[in-house]
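A short write-up of the structure that comes next.
Just so you know, all these numbers are worked out from the coordinates, no wet-lab data involved. Since the structure is predicted, the reported quantities are computational estimates derived from the model, not experimental observations. Cβ sites come from the backbone with ideal geometry, for glycine too, and all protein chains shown count toward neighbours.
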Amino acid sequence: MLSIESQARVALDVRCFYRKSMNVPLSEIASLFCPSGVSPRMLNHAARLLLLAAAFALTSCASSGGVARKDTSRTFTTVVVDAGHGGKDAGAHRRYGPPEKVVTLDVAQRLNRKLRESQFRTVMTRTSDVFVPLDQRVAIGNRQENSIFVSVHFNDAPRRRIHGFETYYASPYARRLAQRIQRELLTLPGARDRGVRTANFRVVRNAVYPSVLVECGFLSNRKEAAQARSAAYREMLADKIAKAIVEERYGPGVYNAPPQPVAPPFQPTLGGGPVGTGRSR
Ligand SMILES: [Zn+2]
C-alpha cells in the first residue's frame, strides 16, 4: 500500500510519462473509457484512476524491452540534443510559465551551440516549432554511432509549491551522466534537488546509447517559471548541462565556459501576463 505522498508521486510520474509518451489530452483518455453525458469532474476522476492503474502496470515492465544498450559514456563524439515537445504538442503550459515547447527549444539550441564549441558533433531532433513523434526522436538518436542522447524538458505539477530539478535515465550506462548533470544544475542559486531517477520515458527507455531526460524546473511554480522566462537563466541551464556532458567525456576541469554570454539564438515570444492552462486544471 502506498502512502498518500507516494500515491501523489506515482500520479505525478504517470502524468509526466503520459505527457512524454502519448501526447494525448487527459480528458481524451478518460473519454475512451467513459460514456458520454458524464460530467467533466467525473471524467477527471476516472482519468486519475486510470493513470494510477497504469502506474502499477508500468512498475512491472521496467525491462529494456529488447534494446541492446551500448556504453559510449567514455567514448562518445556525438551528442543528440532533444528539445522536448513542439508543434501541436505544447508540453506544460501553466499560469506563470511560457509554453514548455518554447523554452525547451531555446535551452536545447543554447546547449547545442556550447557542445559544438566544445568540439562535439551534435544532432538536434528539432530546430523549430514542429511536432516530432517520440519514436522518431529515439530513431534519430539510435542512428548516431558513438553518441549520447540528452532530452530537455520543463516540469509541471498540480501543486504550485513543488519545484526543483529532476534528471531521469534508464540504462545503467547513463546513470553517471544523469548524476553529473543533476549535480551541476544544483550549483545554480536557489536550486532544489528532486533527485536522479530511473524512468520509463520512451526517449530513455528505447535508446541504444546512454540517454538522459532533464527536467529544468517547474513551469507550475511561480519562481521557476519566472526563471524560465529569463534568457540569462536559460543560458546558465545550458551551460551547466554542457559542462556535465564535457566532463563526463573528458573529466573534470576541461569545460571552458564562454568568456561572455553569447547572444540567444532567437528571442521567443514568451508573453507577459498570466495565461490560462488548457489542461489539468
Ligand atoms: Zn516535457
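Counted over all Cα-Cα pairs of the stretch 135-179, pairs farther apart than 15 Å make up 59 percent. A convex hull fitted to the Cα coordinates of the stretch 78-250 yields 99 cubic angstrom per residue.
If you take the square roots of the eigenvalues of the alpha-carbon gyration tensor of the stretch 149-253 and sort them as a ≥ b ≥ c, do you get rounded (a/c under 1.5), prolate (a/b over b/c) or oblate?
It is oblate, given that a/c is not under 1.5 and a/b is not larger than b/c.
In this structure the amide hydrogen of R197, modeled in the peptide plane, comes within under 5 Å of the amide hydrogens of T167, Y168, Y169, none closer than 5 places in sequence on its chain. Peptide packing: for 134-146, 210-222, 228-240, the average count of neighbouring Cβ atoms within 10 Å per residue gives the ranking 210-222, 228-240, 134-146, highest mean first. Here the extension length gained between Y250 and S128 equals 40.9 nm, from 0.36 nm per residue of separation less the Cα-Cα distance.
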